[in-house]
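Novice: Would you mind keeping the following structure in view while I ask a few things?
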Amino acid sequence: MWRALGRVYTGIVAPYVLPALQAATRSLDIVSPYLSPEYAQLLRSKASAGVRVRLITSDSTNRYHREALYSLRQSNQEYALNLGFWWYLVLALTIGSAGLMLGQSAWLKYVASITCLVIIAIGLRKHLTRRQTGSIPLYLKMMPGQFVHVKLYVIDAVKAIVGSANLTYSGMNKNIERIEEKTESAEIQQEMRVFESLWGEGPPAGTDLRIRWKNKAIFRSTKTN
């Protein structure tokens, strides 16, 4: 059961924190020791929509935390087929159709079908291009050798939420947490100073401190933009 004292809440905090994050239109400044993949996707979604997202987190080796960090590194990409591919497709369909119509045996039809698929695969390999659709304003910072235990969420510089809740599934939906919601200008400015102070410590955002996790490159401190 929730107990509310002004803007201080104790209980399951997802109904208070997540709508505030989703409502951001300009900026999200977050400090959370741990991060879950589903909330990493939320941050990517907001960043892709033009919200400036800055995240300070820990150098934890927790598997789900690493998965979340890895997902933040993925760039926005799109795939396109060049004009040359369509010639391969026409050729493949011609051979495939001829084999099916003129083949006198199941073996010949099988060969024609396999040839058709091989030609299409070659065409895709040669003419399917991948390109980045643009940078997203998402910045990630970690401080090697220091465990960041602060939990802070500043939304659009008009609301701040502080307390015990990590941006993880358990922290939002399972644990009994305590948070305080601040909307007064002086309080928000105070929390922004706390964030900027942490943001200015350690190596600058963008420093490449690569480690390995399950053969994937994870960046301890990096900027995706």
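The values are calculated or read from the model by the stated rules, or taken from the named source; none is laboratory data. Predicted, not measured: the structure shown is a model, and the values here were computed from it. Heads up, the Cβs are rebuilt from the backbone with ideal geometry, glycines too, and the neighbour counts pull from every protein chain shown. All accessible areas refer to the heavy atoms of the entire protein, side chains included, with ligands and DNA or RNA removed. Shrake-Rupley method; radii C 1.70, N 1.55, O 1.52, S 1.80 Å.
Novice: Can you find even one residue in the stretch 75-89 that is open to solvent by 40 Å² or more (accessible area, probe 1.4 Å), within 16 Å of the chain's Cα centre (by Cα) and modelled with pLDDT of 85 or more?
Specialist: Within the stretch 75-89, none of the residues are open to solvent by 40 Å² or more (accessible area, probe 1.4 Å), within 16 Å of the chain's Cα centre (by Cα) and modelled with pLDDT of 85 or more.
Novice: Go through 176, 161 for me and flag whichever is surrounded by 14 or more Cβ atoms within 10 Å (Cβ to Cβ), within 27 Å of residue 66 (Cβ to Cβ), of a type in the set (A, V, I, L, M) and modelled with pLDDT of 95 or more.
Specialist: Numbers: 176 fails: surrounded by 14 or more Cβ atoms within 10 Å (Cβ to Cβ).
After applying the criteria, what remains is 161.
Novice: Go through (1) open to solvent by 50 Å² or more (accessible area, probe 1.4 Å); (2) over 18 Å from residue 60 (Cα atoms); (3) modelled with pLDDT under 90; (4) not in a helix (DSSP H, G or I) and name the single condition residue 145 misses.
Specialist: So residue 145 meets the others, but not (2).
Novice: Does residue 29 satisfy the condition of being surrounded by 16 or more Cβ atoms within 10 Å (Cβ to Cβ) and modelled with pLDDT of 90 or more? Steps first, please.
Specialist: Values: surrounded by 16 or more Cβ atoms within 10 Å (Cβ to Cβ): yes; modelled with pLDDT of 90 or more: yes.
Here the answer is yes, as residue 29 does meet what is asked.
Novice: Looking at the stretch 159-199 only, could you name the residues that are in contact (Cβ under 8 Å) with a residue 12 or more places away in the chain, charged (D, E, K, R) and part of a helix (DSSP H, G or I)?
Specialist: 187, 191
Novice: Now, a different point. Please identify the pairs in which a residue from the stretch 113-124 that is on the phi < 0 side of the Ramachandran plot and in contact (Cβ under 8 Å) with a residue 24 or more places away in the chain has its Cβ atom under 7 Å from the Cβ atom of a residue that is open to solvent by less than 50 Å² (accessible area, probe 1.4 Å) and of a type in the set (A, V, I, L, M), counting only partners at least 6 apart or on another chain.
Specialist: Listed by first residue and then by second, the contacts come to 116/92; 119/92; 120/89; 120/92; 123/89.
Novice: From the list 39, 110, 70, which one is modelled with pLDDT of 85 or more, surrounded by 12 or more Cβ atoms within 10 Å (Cβ to Cβ) and in contact with a helix residue (DSSP H, G or I) (Cβ under 9 Å, 6 or more places away or on another chain)? So that I can check it myself, show each step before the final result.
Specialist: Details: 110 fails: modelled with pLDDT of 85 or more; 70 fails: modelled with pLDDT of 85 or more.
Step by step, each of 39, 110, 70 is checked, and only 39 is modelled with pLDDT of 85 or more, surrounded by 12 or more Cβ atoms within 10 Å (Cβ to Cβ) and in contact with a helix residue (DSSP H, G or I) (Cβ under 9 Å, 6 or more places away or on another chain).
Novice: Tell me the residue from 152, 117, 138 that is at pLDDT 75 or above and surrounded by 14 or more Cβ atoms within 10 Å (Cβ to Cβ), please.
Specialist: Details: 117 fails: surrounded by 14 or more Cβ atoms within 10 Å (Cβ to Cβ); 138 fails: at pLDDT 75 or above.
Going through 152, 117, 138 in turn, just one is at pLDDT 75 or above and surrounded by 14 or more Cβ atoms within 10 Å (Cβ to Cβ): 152.
Novice: Identify the residue in the stretch 179-215 that is touching a strand residue (DSSP E or B) at 6+ places or on another chain (Cβ under 6 Å) and either open to solvent by 80 Å² or more (accessible area, probe 1.4 Å) or not aliphatic (A, V, I, L, M) (or both) and, among all such residues, is modelled with the lowest pLDDT.
Specialist: Restricting to residues being touching a strand residue (DSSP E or B) at 6+ places or on another chain (Cβ under 6 Å) and either open to solvent by 80 Å² or more (accessible area, probe 1.4 Å) or not aliphatic (A, V, I, L, M) (or both), the top hit is 210.
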